[in-house]
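Derivation of every value follows stated rules applied to the coordinates shown; laboratory data play no part. Note that this is a predicted model, so its numbers are computed, not measured. Glycine gets a Cβ as well: all are built from the backbone with ideal geometry, and neighbour counts include every protein chain shown.
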Amino acid sequence: MLKCENLRFSYGKIQALNGISFEVKQGEIMSIIGANGAGKSTLMRCIAGMLKPQSGKIIYDGKPLPHSGHEVVGRGIALVPEGRWIFPNLTVEENLLMGGYLVKDRKIGIKRAYEMFRLLGERKKQRAGTLSGGEQQMLAIARGLMSNPKVLLMDEPSLGLAPLIVNDVINTIDEINKQGVTVLLVEQNARKALKIAHHACVIEQGKIVKYDTGDEIARDKSVISAYLGRNAKKTNNNIKELNN
């Protein structure tokens, strides 16, 4: 359904993506894990049309994907960005309406958002900036679903959230997928991301170094050491220092 072929992107002399190739099948969750600075968010922004790769192709549903954000959304792909990027001075409902700006009947999306996240319905007239971090993340997810996407890109949805809220977010992603939405997930909590993933890959220094099912990646000894075991934090810090 979504295929990246030899994607390359650099920030000046810094090569963020160095020949990324992978495929996401329809109806699955694909998890991408890697250290800070590995190129994960850059990859998501390229797919979402926020950045234009210097070379390579992004194929969606058999056709090249345009390098324009609104055209990508129109084709059926939506991004829930890292850091949420809600509009803090707008109300909850106004944020949702912004997410459905290409949809003719936004009432359907609003209804679904309030059914999925009842708290948002209770606070629909409240300014989004006054919500808690977890509530803002739910709003960001609901806003992403407003365009009724076939593919949902999720960039670090649990970042900065309390452990109990992280569980809620992961369960929500799983439920969205069960409703038929294909999910490409970048997530710092590798253990939870791999638990719900059909397939997964590991990115290091702009390259995919491992690709397999979520279960197989979770059993890989090198992945356990770097991202799942007791030394994961230390290893990630070392990788980050090397990248810098």
Taking trypsin sites (Lys or Arg not before Pro) as candidate sites, keep only those in a DSSP loop with at most 13 other Cβ atoms within 10 Å, then name the longest stretch of the chain containing none of them. 126-229
Scoring the stretch 46-165 by relative contact order with C-alpha pairs under 8 Å, at least six apart, yields a percentage of 34
In order over the stretch 16-23: 3J(HN,Hα) from phi, Karplus 6.51/-1.76/1.60, θ = phi - 60°, whole Hz, x for each Gly or Pro, gives 7, 10, 10, x, 7, 9, 6, 9
Specify the inter-centroid distance of the stretch 108-187 and the stretch 1-54, based on alpha-carbon positions, in whole Å. 22
Over the stretch 151-229, what per residue volume does the convex hull of the Cα atoms give, in whole Å³? 96
Using the alpha carbons of the stretch 42-183, what is the convex hull volume per residue in cubic angstrom, as a whole number? 109
When a footprinting reagent is the concern and you count Cβ atoms within 10 Å, what order do Ser132, Ser158 take, fewest first? Ser132, Ser158
Taking the number of other C-beta atoms within 10 Å as the exposure measure, put Tyr211, Tyr227 in order starting with the fewest. Tyr211, Tyr227
Could you give each residue of the stretch 196-209 its phi-based ³J(HN,Hα) in whole Hz, using Karplus coefficients 6.51, -1.76, 1.60 with θ = phi - 60°, and x for Gly or Pro? 9, 7, 6, 10, 8, 9, 10, 10, 9, 6, x, 10, 7, 9
From the convex hull of the Cα coordinates of the chain, what is the mean projected area in square nanometres? 12.7
Treating only the Cβ of Lys, Arg, Asp and Glu as charged (+1, +1, -1, -1), what charge dipole size does the chain show about its Cα centre? Round to the nearest 20 debye. 260
Computed for the stretch 88-148: size of charge dipole around the Cα centre, +1 on C-beta of each Lys and Arg, -1 on C-beta of each Asp and Glu, debye to nearest 20, value 140
Could you state the principal axis extents of the C-alpha atoms in the stretch 88-148, from the largest down, to the nearest angstrom? 29, 21, 17
Size of the stretch 1-79 along its principal axes in angstrom, Cα-based, largest extent first? 33, 24, 20
